[in-house]
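Asks: If you scroll down you'll find the structure; I have some questions about it.
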Ligand code: TMP
């Protein structure tokens with residue numbers, strides 16, 4: 001596999017989508033072929049799963065939620081991500097398996113190791129070359145989301161700030177456990193400031209490969 005697999009992770013409102021777009025543009029300006037994608041919802045099946053998991057009325061049992069994200073991931077990796085990497089392209093992806101460990105493991109209080117194992121099984125072992133963790137205070141992230149006021153925020157309203165604190169702590173723990181894969185980026189700055197930090201990590205990863 002000759003491509004590069006870069007994932008962006010972080011709490012809601014951390015600016016992942018903005019940074020993924022800026023990073024994709026930067027990589028293309030470097031002459032790389034970029035596939036921009038996300039989980040959940042990077043494939044046609046994934047769009048259906050995203051609708052089910054995020055917009056189903058009422059309670060979704062945590063284990064059912066975990067399996068829906070895993071199903072999205074399995075199909076996405078097999079049909080889109082892995083083929084792109086095999087073609088030598090750069091995949092810039094908004095959320096991946098660390099989201100499941102942080103949200104379903106820590107947020108929903110399932111077993112984080114089991115969630116990771118489930119995700120790795122779904123993805124047939126595929127790990128990113130670089131995971132950018134956009135770290136932000138949950139209250140600041142919530143404020144950004146409130147300004148956007150989109151459908152995801154409705155779902156998030158069901159969870160309290162303590163949920164977001166657990167997610168953040170889990171992410172930071174994951175980054176500490178795998179420092180060779182993770183780069184923690186302070187996401188509280190302006191989009192340009194955060195982008196500069198993102199680029200420095202991506203450049204270093206590409207040069208080292
Ligand atoms: P986003 O794509 O707008 O960031 O929203 C995705 C939401 O789905 C976000 O609240 C986090 C959640 N999510 C999980 O709970 N587990 C997962 O594995 C993934 C990929 C996302």
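Asks: Residue 124 versus residue 111, label points 7 Å from Cα toward the beta carbon: distance in nm?
Replies: For the pair residue 124/residue 111, the computed spacing is 2.6 nm.
Asks: Same structure, new question: If R0 is 35 Å, what FRET efficiency do you get for residue 87 and residue 200 from their C-beta distance, rounded to 0.05? Don't jump to the answer; show the numbers that get you there.
Replies: On the way: r = 27 Å, r/R0 = 0.76.
Calculated transfer efficiency: 0.85.
Asks: Counting each DSSP H run of 4 or more residues in the chain as -39500 (n - 2.57), what helix-only mean residue ellipticity at 222 nm follows after dividing by all residues, to the nearest 500 deg cm²/dmol? Before the final figure, lay out the partial values.
Replies: Values: 9 runs with 109 residues, N = 209.
The helix contribution divided over the chain gives -16000 deg cm²/dmol.
Asks: Same structure, new question: For labels at residue 147 and residue 30 in the simple 7 Å Cα→Cβ model, what's the distance in nm?
Replies: It is 2.8 nm.
Asks: I need the P(r) histogram for the chain: all alpha carbon pairs, bin width 10 Å from 0 out to the longest distance, whole percents.
Replies: It works out to 9, 36, 40, 15, 1, in whole percents.
Asks: If you take the beta carbon distance between residue 180 and residue 59 as r and set R0 to 25 Å, what does 1/(1 + (r/R0)^6) give as a FRET efficiency, to the nearest 0.05?
Replies: 0.05
Asks: Quick check on packing: order 34-44, 4-14 by the mean number of other C-beta atoms within 10 Å, highest mean leading.
Replies: 4-14, 34-44
Asks: With an 8 Å Cα cut-off and a minimum separation of 6 or more residues, compute the relative contact order for the chain in percent.
Replies: Relative contact order comes out at 32 percent.
Every number here is computed from the coordinates shown, using simple stated rules; none is lab data. What you are looking at is a predicted structure, and each value in this text was computed from that prediction instead of being measured. Every residue, glycine as well, gets a Cβ built from its backbone with ideal geometry; the counts of neighbours run over all protein chains shown.
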